[in-house]
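Written below as structure tokens is the structure these notes are about.
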Amino acid sequence: MEVGAQREATQPMLVVQEETPPVVGVRAKDTEHETEAAAVELVVTQSEVLAPEGRMDYDKLVDLFGCQRIDAALVHRIARLTSRPPHRFLRRGVFFAHRDFNSVLDLHEAGEKFYLFTGMEPSSEALHLSHLIPFMFTKYLQDAFKVPVVIQLCDDASFLRNNNLTVAECKRLARENAKDIIACGFDIQRTFIFTNISYTRGAFYENILEVAKRVTCEDSIGIIGGSQEDNIGIVGFPPVEAAPSLPSSFPHLFPRNDQPRCLIPCAIYRDPFFRMIRDVAPKIGFQKPSLIESKILPALQGEESSKMSASNPNSAIYVTDSPKQIKTMVNKYAFSGGQSSVELHRKLGANLDVDVPIKYLEFFLEDDDEFEHIKKEYKDGRMLTGEVKQRLIAAISEMVSRHQRARAQVTEEMVDAFMELRPLPNMFG
Amino acid sequence: MAAAEQGVDAARKEEEEEEEQVVNPWEVSAGKGGIDYDKLVDQFGCQRIDDALVGRIARLTGRPPHCFLRRGLFFAHRDLNELLDLYEKGEKFYLYTGRGPSSEALHLGHLIPFMFTKYLQEAFKVPLVIQLTDDEKFLWKNLTIQESKRLARENAKDIIACGFDIERTFIFSDFSFVGGAFYENMMQVARCVTMNKAIGIFGFNLEDHIGKVSFPPVQAVPSFPSSFPHLFAGKDQLRCLIPCAVDQDPYFRMTRDVAPRIGYQKPSLIESRFFPALQGENTKMSASDANSAIYVTDSAKEIKTKVNKYAFSGGQDSIELHRKLGANLDVDVPIKYLNFFLEDDDELAHIKKEYKEGRMLTGEVKQRLIAVLSEIVARHQRARSQVTEEMVDAFMAVRPLPNMFG
């Protein structure tokens, strides 16, 4: 079967052999792997997450990818080292997997430095909630560990993927998205935001080529889940997303003799991209970046459908939504695990495994006790779907309003300031 | 036109079937009897330069055409007549050529496009951009980035020694210059070329690393004036003429295919044959075989030794036989070299006649060649020794060229 054929929805396959070699092949070349591949049911590509049984099996994914689980001990260690309660996303297991995160903590304990790298691909003007997740978490990590953050806006990827966009439009989208990112509350003294189209030159370009020289076309096509019909810009893109994990990509931030390790908070489906750079980095004299990885916020309609996609408006809550829109979206589209009638519900209770409002509360309701209470009451049938949804609407509306207020205060000058090529003298203070 | 420009896919099939010549930027090999240029022109879909076109160039520029044109070293083109039509109407163009700096040892074959481009610059009074593809060499060779950059600067000195006008010439290396508008154009080109297309044009395969597959747009975009906002701001439709060796044609076939799709003009091309190795026509000179070529660093003694010892002769084995049968000019390398480097048409014609008819011996022909080459190389070495680091900086400075069309 050829590389291109993996796109056929009828034959989802994910073959992962071992951590090295880093290839996440989306097809089985060797017959010995054929049966293994056929047994795998999950398909994880960059733009779609499908779970044929109606539920993402994260355990299976972690096993397949070969990353580690974040356990309670690790969460406690983070709390201890940072002298503050761990973020909700850690407590709830939203950020649930990692690679070499313990190494980062060891370094931190020893007084060594690391920096954070996260980013996004601008795809539409309005961000939706799942876009915010890595940024909310990265801001927490910045505050907790007192380390710098570099944020990459992949406007080049937006351009390469979408024939209808001009370069100017992609640059504009990137700037608009930057405002939402800034609204998450990053510290300007410790944060550098950049867009690929503006930043690719010099040391960054050199690192892109250093990485590119060590990744075959076949591997790259596998990583991006693409085919030979993709343009050469897209096939050549993975090194661009990998390069920010090499500190020498930022000569204005990190002097040559002081090359800190990198920690990348990201969604779990980015794992194949970063496994590639973890394999390549030591070959060019750098430490492997560590990863801390999140689950994916399900679409309102449930985990069965694709993850929140800006191209399918019904499935997402946008950061520009009004309270009324949020109320309508949740009431109308959020898939309920409750029973079909009140009587049945009081008797049987809700199925929490498929209930989307509960999943959203898991992500967004801060108070652990309240969350536990709601789960118990709902599962035992004492709380109804309507009440759970009402609580969710309130929680999300508050969060979205807060974001909108912060976003309204972000000026063009602030965007310029975050994007300015400048040293950050207090970045580890 | 487009169908002919697609010709390479058919050419590739034909190559595979008949095991004949291969011509692409990374491999040049001929079947028996050397490169068949007629076939190449057909396969690639470019045009021959005929006497009428050479005459036209002479007329338009008010000076004798360059030796390389008179002798058919630059022998093929794409849309050169269209460019001259525009020039005649007062519309300007700029020149673009380049080099992949893989070693410090340049040979005469490397100098040819630069010697010719200098003539074009003077004759047409137009600006020139020169690209040093240090990124390409890093990607294809076993070089570090630092070494590639260093080689680019060293090669720039030899290029400057060819005599380009600093008021009209911008030299750049990719590692230093890629970014901004140049990079945006790279993205535009990349979006228009699929992996399959790149494989068809350049012969890549899936085991190649992605640096190679991403590179072609880098060599394409200097054909577009908007890649150089410090030079050509507001002149998005300015035409470009690319003097190059014919093995570079695939890059520009791709560029010409993409250009109209992104709102740019197709560049015109003027293409040269391969300069034969001393040992004969079958391959182009190789920087990795010291005896296959005359290097710009060779001493007079080394030139004499190389020509005497390695230059393939079309003369007969003995003087008697030679006086009787004469020389085979088709395979004689010294004659081919004289064809390119001996300025005087009459003297060349005389030597050819005498040699063909057996009255002039190989040794005498070689002696004349040694003198010609020694002079060229010595002149280059003198000019090269006067090129300072400051001059390199000056040619490579990102600056406007206010008198570039003067």
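We did not get these values from a lab; they are worked out from the coordinates using the rules stated. Remember, predicted model here, so these are calculated numbers, not experimental data. Virtual Cβ from ideal backbone geometry, glycine too; neighbours counted across all protein chains shown.
Work through the residues other than A:Lys113 whose Cβ is under 15 Å from its Cβ and net out their charges, Lys, Arg +1 and Asp, Glu -1.
Neighbour charge sum, excluding A:Lys113 itself: 0.
Within the set A:Lys139/A:Lys171; B:Lys324/B:Lys356; B:Lys141/B:Lys306; A:Lys60/A:Lys379; B:Lys32/B:Lys336, which residue pairs have Cα atoms separated by over 20 Å?
Too far apart for the 20 Å limit: A:Lys139/A:Lys171; B:Lys141/B:Lys306; A:Lys60/A:Lys379.
In percent, what relative contact order does the range A:174-311 have, based on Cα pairs under 8 Å that are 6 or more apart in sequence?
Relative contact order of the range A:174-311: 19 percent.
Give the relative contact order (percent, whole number) for chain B; include only Cα pairs under 8 Å separated by 6+ residues.
Dividing the mean separation by the residue count of chain B yields 19 percent.
Taking the square root of 5 times each eigenvalue of the Cα gyration tensor, what semi-axes in Å does the equivalent ellipsoid of chain B have, largest first?
34, 24, 22
Show me, for the range A:111-120, the HN-Hα J-couplings you get by feeding each phi into the Karplus relation (A = 6.51, B = -1.76, C = 1.60, θ = phi - 60°), rounded to Hz, glycine and proline as x.
Running phi through 6.51 cos²θ - 1.76 cosθ + 1.60 with θ = phi - 60° gives x, 7, 9, 9, 10, 9, 9, 9, x, 7 Hz.
Amide H neighbours of B:Ile171 under 5 Å, at least 5 residues apart or on other chains, H built in the peptide plane: list them.
Residues meeting the criterion, in which the H sits 1.01 Å from N, are B:Ile130, B:Met396.
Can you tell which of B:Thr133, A:Val215, A:Met383 lies farthest toward the positive end of the dipole of the protein assembly as shown, using +1 and -1 charges on the Cβ of basic and acidic side chains (Lys, Arg; Asp, Glu)?
Towards the positive end, the residue furthest out is B:Thr133.
Give the calculated FRET efficiency between A:Ser322 and B:Glu207 to the nearest 0.05, with a Förster radius of 56 Å applied to their Cβ-Cβ distance.
After rounding to 0.05, the efficiency reads 0.55.
Given H placed 1.01 Å from N in the peptide plane, which residues other than close sequence neighbours of B:Gln21 have an amide H under 5 Å from its amide H?
B:Gly31
With only Lys, Arg, Asp and Glu charged, each at its Cβ (+1 for the first two, -1 for the last two), find how big the charge dipole of the protein assembly as shown is about the Cα centre; round to the nearest 20 debye.
1980 debye
Give the peptides B:107-116, B:341-350 in descending order of average Cβ contacts within 10 Å, highest first.
B:107-116, B:341-350
At a Förster radius of 22 Å, what calculated FRET efficiency corresponds to the Cβ-Cβ distance of A:Arg80 and A:Asn426, to the nearest 0.05?
Calculated transfer efficiency: 0.35.
So what's the angle, to the nearest 10 degrees on a 0 to 90 scale, between helix B:145-160 and the longest Cα principal axis of chain B?
Value to nearest ten degrees: 60.
Dipole of chain B, Cα-centred, from +1 at each Lys and Arg C-beta and -1 at each Asp and Glu C-beta, to the nearest 20 debye?
Dipole magnitude for chain B comes out near 960 debye.
Any idea how far apart B:Gln381 and A:Asn163 come out in nm if each label point goes 7 Å out from Cα toward Cβ?
5.8 nm
Over the range B:33-274, what is the relative contact order in percent, taking alpha-carbon pairs closer than 8 angstrom and at least six residues apart?
Answer for the range B:33-274 is 23 percent.
Just to confirm a number: summing +1 for Lys and Arg and -1 for Asp and Glu over residues other than A:Asp368 whose beta-carbon lies under 14 angstrom from that of A:Asp368, what do you get?
Neighbour charge sum, excluding A:Asp368 itself: -1.
At 7 Å along the Cα-to-beta-carbon direction for both B:Phe405 and A:Ile284, put a label point, then send me their distance in nm to one decimal.
For the pair B:Phe405/A:Ile284, the computed spacing is 4.1 nm.
With 10 angstrom as the radius, rank A:Ile396, B:Ile376 by how many other C-beta atoms surround their C-beta, starting from the fewest.
B:Ile376, A:Ile396
How long is the gain from A:Asp71 to A:Arg402 if the chain were fully straight, where each residue apart is worth 0.36 nm and the alpha carbon distance is subtracted?
116.0 nm
Please give the per residue volume of the convex hull enclosing the alpha carbon atoms of the protein assembly as shown, rounded to a whole number of Å³.
183 Å³
Subtracting the Cα-Cα distance from 0.36 nm times the residue separation, let me have the gained length for B:Phe312 to B:Lys235 in nm, one decimal.
Working it through step by step, the gained length comes to 22.8 nm.
So if I take the centroid of the Cα atoms in the range B:130-190 and the same for the range A:228-306, what is the distance between those two points in Å?
With the range B:130-190 and the range A:228-306 each reduced to a Cα centre, they are spaced 29 Å.
Report the paramagnetic label zone for B:Asp42: residues of the range B:57-86 whose backbone N is under 15 Å from a point 7 Å from Cα along the Cα-to-Cβ axis.
Backbone N within reach: none found.
Please name which of A:Leu297, B:Ala233, B:Ala300 has its Cα lying farthest along the dipole of the protein assembly as shown towards the positive end, using unit charges on Cβ (Lys, Arg +1; Asp, Glu -1) and the Cα centre as origin.
Most positive-ward Cα: B:Ala233.
Working out 0.36 nm times the residue gap between B:Arg323 and B:Lys89, then minus their Cα-Cα distance, what length gain in nm do you get to one decimal?
That works out to 78.8 nm of additional length.
Note the angle between two axes, namely the Cα long axis of helix B:345-356 and the longest principal axis of the Cα atoms of chain B, as a number of degrees from 0 to 90, rounded to the nearest 10.
For helix B:345-356, the angle is close to 50 degrees.
Please arrange B:Trp26, B:Trp140 by how many other C-beta atoms lie within 10 Å of their C-beta, fewest to most.
B:Trp26, B:Trp140
Using each residue's phi in the range A:253-259, evaluate 6.51 cos²θ - 1.76 cosθ + 1.60 at θ = phi - 60° and report the 3J(HN,Hα) Karplus result to the nearest Hz, with x for Gly and Pro.
Karplus-based 3J(HN,Hα) across the range A:253-259 equals 9, 10, x, 4, 8, 9, 10 Hz.
Lys/Arg Cβ at +1, Asp/Glu Cβ at -1, dipole of the range B:33-274 taken about the Cα centre: which of B:Met254, B:His66, B:Ala76 is farthest positive-ward?
So the residue we want is B:His66.
Determine, for each peptide in B:31-44, B:160-173, the mean count of other beta carbons within 10 angstrom over its residues, then list the peptides with the highest first.
Those peptides, ordered most packed to least, come out B:160-173, B:31-44.
Decide, for the range B:33-274, between rounded, prolate and oblate: order the square roots of the alpha carbon gyration tensor eigenvalues as a ≥ b ≥ c, take rounded if a/c falls under 1.5, and otherwise choose prolate if a/b is larger than b/c, else oblate.
rounded
Applying 1/(1 + (r/R0)^6) with R0 = 45 Å to the Cβ-Cβ distance of B:Val398 and A:Asp353, what FRET efficiency is obtained, to the nearest 0.05?
0.15
What list of ³J(HN,Hα) values in whole Hz, one per residue of the range A:100-107 in order, does the Karplus curve 6.51 cos²θ - 1.76 cosθ + 1.60 (θ = phi - 60°) give from phi, with Gly and Pro shown as x?
6, 5, 4, 4, 4, 5, 4, 4
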